[in-house]
1. Picking from ARG224, ARG264, ARG192, ARG203, which residue would you name as being without any contact (Cβ under 8 Å) to a residue 24 or more places away in the chain and more than 28 Å from GLY335 (Cα to Cα)?
2. May I ask you to say which residue of GLU289, GLU241, GLU235, GLU261 is open to solvent by 20 Å² or more (accessible area, probe 1.4 Å), at pLDDT below 95 and not polar (S, T, N, Q)?
3. Of these, TYR73, TYR83, which one is aromatic (Phe, Trp, Tyr) and open to solvent by less than 20 Å² (accessible area, probe 1.4 Å)?
4. For segment 92-108, give me each residue that is at pLDDT 95 or above, closer than 27 Å to ASN186 by Cα and surrounded by fewer than 21 Cβ atoms within 10 Å (Cβ to Cβ).
5. Quick one: what pairs do we get from segment 160-184, first residue on the phi < 0 side of the Ramachandran plot, second aromatic (Phe, Trp, Tyr) and at pLDDT 95 or above, C-beta under 7 Å, 6+ apart or different chains?
Amino acid sequence: MVTNGKTRMAANGESKMAANGPPLTLLVTGAGAPGIRGTLYALRHNPDGRPVRIIGVDTQTKVVGAVQADKFYTVPAPETDEYIAALVEICRQENVLAILPQTTRETVKLAASLGQLERSGIRAMVSEASTIISANDKGSVIEVFRRLGLPAPVYRRATTENELVTAARELGYPGAPVVVKPPVSNGMRGVRVIRPDAWDVRRFLTEKPQGLEIGMEELIAILRRGPWPELLVMEYLPGCEYSVDAFIGSRFSVAVPRVRESIRSGITFHSRTELRTDLMDYTLAAGRELGLRYAFGFQFKLAHDDTPKVLECNPRIQGTMVASVFSGANVIWFGVRELFQDPVSNLPQPLRASEFLRYWGGVGVESGHRFEI
């Protein structure tokens, strides 16, 4: 779905992002994230043809984005006091105009530091801190959907062993599997499907281990090693999974749903656009209720009756968000335009069906030369 609002055009009636403008220097965090190459593609193949210069940063040194960005720096962990100061100094040295975060752990820190960054002349493509905190909490997102009357999974919060066991039974275990996950996590960290018969000899010999399924006794044995974490215990949704790439701006909004046909360790390896109006409507309604801006995403899974129910929100650039580019909506670039107060007013072309396939590749570096395979 695409929605339009009413705002003024740029003072001269033209986009500030015209192709004949100087290179736009942007800093992209998470240069080691799986989606870094897709993000760089979306920025460099923007619909305005505007040249961009990309500074990549990561907490690790040996990451693929180090050779794919125009320049690369290592930075302290986002949880440290030195993180923001390091970003500000890099931005000063490289004349960076805006920061685009790619990882969950950085979004809250950047949102809480928006005032400090703005005083240094730096923009950051994040929503307000309170919005980010709510959007990162899966339980809070479910409550937003409930408040709006949108489909949402049944869940319980559990902070003790007894609460975990009780919640699982209330949701039908052991007659039905249930899902446990931390309220705040990403990349399938901490997610488990609890089944009474998680594995048998046939599966052990014929399937690759994925680490997703576990028995209740095995899970409790791990958690007893403490400290016991807060967990969400949720109904198991057996259907296919969707990811929705979205943008909310001052002039218009758009959402692009895609089926996650193949997922490995939380990373999409094959997705297919499916322009379901229900998923578009749910995403934009919940995004507005949360107060989200710029590029973000939601994930859904189908229940037994094929009703799509929300799993989580990613209030940042999603790992496979580049797929929206091939469907006619470069939501990452739309976010950049909005950030520079040059909002897009409509899609450059109608939404269309597309597929995205990820493959294993690599970069070899030898004597200053780079080889991509």
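The values are calculated or read from the model by the stated rules, or taken from the named source; none is laboratory data. For clarity, every value in this text was computed on a predicted model and none was experimentally measured. Heads up, the Cβs are rebuilt from the backbone with ideal geometry, glycines too, and the neighbour counts pull from every protein chain shown. Calculation scope for accessible area: heavy atoms of the full protein, side chains included, ligands and nucleic acids excluded. Shrake-Rupley method; radii C 1.70, N 1.55, O 1.52, S 1.80 Å.
1. Exactly one of ARG224, ARG264, ARG192, ARG203 is without any contact (Cβ under 8 Å) to a residue 24 or more places away in the chain and more than 28 Å from GLY335 (Cα to Cα), namely ARG203.
2. Working: GLU289 fails: at pLDDT below 95; GLU241 fails: at pLDDT below 95; GLU235 fails: at pLDDT below 95.
That would be GLU261, the only listed residue that is open to solvent by 20 Å² or more (accessible area, probe 1.4 Å), at pLDDT below 95 and not polar (S, T, N, Q).
3. Numbers: TYR73 fails: open to solvent by less than 20 Å² (accessible area, probe 1.4 Å).
Result: TYR83 is the single residue among TYR73, TYR83 that is aromatic (Phe, Trp, Tyr) and open to solvent by less than 20 Å² (accessible area, probe 1.4 Å).
4. Of everything in segment 92-108, just one residue is at pLDDT 95 or above, closer than 27 Å to ASN186 by Cα and surrounded by fewer than 21 Cβ atoms within 10 Å (Cβ to Cβ), namely ALA98.
5. Hits for this filter: ALA176/TYR236; PRO177/TYR236; VAL178/TYR236; VAL179/TYR236.
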